[in-house]
Amino acid sequence: MKISERVEQVPPSGIRRFFELAEEMDDVISLGVGEPDFTAPWSAREAAIDSLERGKTSYTANRGMAELREAIAGRVASQYDLDYDPDEEILVTAGASEAIDAAFRAFCDPGDTVAVAQPSYVSYVPGVIFAGGEPLPVPTREADEFRLTAEVLREVGAEEAEALVYCYPNNPTGATMREEHLEPVAAFAREHDLTVLADEIYADLTYDGDHTSIATLPGMRERTVVFNGFSKAYAMTGLRLGYALAPPEAIRAMNRIHQYGMLSAPTTAQHAALDALEHCDDDVQEMRAQYDRRRRFVLSRFAEMGIDCFEATGAFYVFPESPWEDAEAFAEAVLEECGVAMVPGDVFGAGGEGHLRVSYATGLNELREAMDRIEAFLE
């Protein structure tokens, strides 16, 4: 069969290669997975079970259950003082990833340029390519604490792009951006008429102050699509539920793709998500506190080993510099000789070379053992 050129030019995920290596070994501690080790809050699981017992297994509205969209609107209004019409400006999707993919396809014509802040979630560049667009890497630098800057946007020629996509709190670096950091980026987007695609899936996992959404800044709500979901903060990765917030015309375009490709997000997951928003704030706070404790532990251990590590303030990753010049070779050696899986930073794009993504979404006992093994390997 003839395979599409778009598909052929996208390599397999570099993360997946390390997972496959780890699966072939015994006694491996994985610090590579971007998934909470917690289970979804019991109240949300009960809501999902109850919905099944009551036979709630039909399609929902394309845009998602009305009650869920209203709850999302209420949460966003209380957290960020942003008002989104639940009927016109919210789309519930099969994970935030589906929303991001729909946005690329809704806003990209063949040949359009999309600026991609990197290091970044590995799906952005393939998503742009699958949509027929041309990704423009925008590297972030450790000297800037891996924050996106207007200076680098100008350096790479992002004023010629139609859109900009970024993720903060960031996967893989754990970097965050406060209002004063976002303002120059927002000014650049307004000046050059860029659509901004803001992936905020880790917004509730911020450890140094509160998360700021770029949509709250002057002139940005009308040009921004915000993505969020229930996978990370609520530990509901397998239920596949996310959402997009955007002006009506953007949601209509994305929903047109969503209704043909997905029809509606999983019904059972929507019932769980509704309960999560209404009853599970304490669970999220407890998980965030646990992540913060692990974050500080991992940072301190790398410091004791003499490994330079940027002080991550969000998500559940740290991004240390590799002790070897070749980060991929170091990650392979640590995996093969001590059974600890990490991911080389270059799989996340420009700016990631020479680093490692280390996830602390695993228990403290396992983290202690993993750090001990890495230290013994270095010695």
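The values are calculated or read from the model by the stated rules, or taken from the named source; none is laboratory data. The structure presented is a predicted model; accordingly, all values stated were derived computationally and were not measured. In this analysis, Cβ positions are derived from the backbone assuming ideal geometry, glycine residues included, and neighbour counts consider all displayed protein chains. Note: accessible area is taken over every heavy atom of the protein model, side chains too, but ligands, DNA and RNA are not part of it. Shrake-Rupley method; radii C 1.70, N 1.55, O 1.52, S 1.80 Å.
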Next on the checklist: Quick check on E337: is it outside any loop (DSSP other than H, G, I, E, B) and modelled with pLDDT under 95?
Outcome noted: yes
Checklist entry - How many residues, within region 198-214, are open to solvent by less than 20 Å² (accessible area, probe 1.4 Å) and either more than 17 Å from the chain's Cα centre (by Cα) or aromatic (F, W, Y) (or both)? => result 1
Checklist outcome for this item: Of the conditions (1) at pLDDT 95 or above; (2) under 23 Å from the mean Cα position of the chain (by Cα); (3) of a type in the set (A, V, I, L, M, F, W, C), the single one that L263 does not satisfy is (2)
Item to check | Matching residues in region 290-331 - criterion: being among the charged types (D, E, K, R), in contact (Cβ under 8 Å) with a residue 40 or more places away in the chain and crowded, with 17+ Cβ neighbours inside 10 Å | outcome: D292, R294, R295, R301
Checklist outcome for this item: When every residue in region 173-197 that is in contact (Cβ under 8 Å) with a residue 40 or more places away in the chain and either buried (at least 23 other Cβ atoms within 10 Å of the Cβ) or of a type outside the set (V, I, T) (or both) is compared, the one farthest from G32 (Cα to Cα) is L194
Checklist outcome for this item: The condition from (1) surrounded by fewer than 16 Cβ atoms within 10 Å (Cβ to Cβ); (2) in a loop (DSSP other than H, G, I, E, B) that G238 misses is numbered (2)
Checklist entry - Can R223 be described as at pLDDT 95 or above, of a type in the set (D, E, K, R) and either over 30 Å from G354 (Cα atoms) or surrounded by fewer than 18 Cβ atoms within 10 Å (Cβ to Cβ) (or both)? => result yes
Checklist entry - Checking L299 against (1) outside any helix (DSSP H, G or I); (2) in contact with a Cys (Cβ under 7 Å, 6 or more places away or on another chain); (3) not polar (S, T, N, Q), which single condition isn't satisfied? => result (1)
Checklist outcome for this item: Those residues of region 21-42 which are under 18 Å from L277 (Cβ atoms) and open to solvent by 40 Å² or more (accessible area, probe 1.4 Å) amount to F38, T39, W42
Checklist entry - Does A115 fit the bill of being over 21 Å from S4 (Cα atoms) and modelled with pLDDT of 95 or more? => result yes
Checklist entry - Across region 350-375, which residue is surrounded by the fewest Cβ atoms within 10 Å (Cβ to Cβ) among those that are of a type in the set (A, V, I, L, M, F, W, C) and outside any loop (DSSP other than H, G, I, E, B)? => result L364
